[in-house]
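Engineer: Below is the structure I would like to discuss, written out as structure tokens.
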Amino acid sequence: MEEHKEGRGKGEEIRSSCPACGGTGQVSFFQGESRFLLTTEECSLCLGLGYVLEKNQEQAGGTEKRAD
């Protein structure tokens, strides 16, 4: 899995390849009764980008306050 760092200092984001599509941004599956039709759609996890962003909680302090 590839990882790229974006930003600097606290709260920087780590960009890693999407685990659902493997970094392609597309998901393929067979459809239909006979399963001959191959359908390709945009990955719903990464929205077609091929990577996901994760906040680096270690440098951000790991605590967040949420107002409900």
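Read-outs: derived from the displayed coordinates by stated rules, not from any lab. Nothing here was measured: the structure is a model prediction, and the numbers come from that model.
Engineer: Skipping prolines and chain starts, which residues have an amide H placed within reach, meaning under 5 Å, of the one on Gly48, given they are 5 or more residues away or on another chain?
Structural biologist: For Gly48, whose amide H was placed from the backbone, the distant partners under 5 Å are Cys43.
Engineer: May I pose another question? What residues have an amide H closer than 5 Å to that of Lys55, excluding those fewer than 5 places away on the same chain, when H is modeled at 1.01 Å from N in the peptide plane?
Structural biologist: Those qualifying (amide H under 5 Å, at least 5 residues apart or on another chain) are Ile14.
Engineer: On a full-extension model of 0.36 nm per residue, what is the gain between Glu12 and Leu45, subtracting their alpha-carbon distance, rounded to one decimal in nm?
Structural biologist: Going from the current span to full extension adds 9.8 nm.
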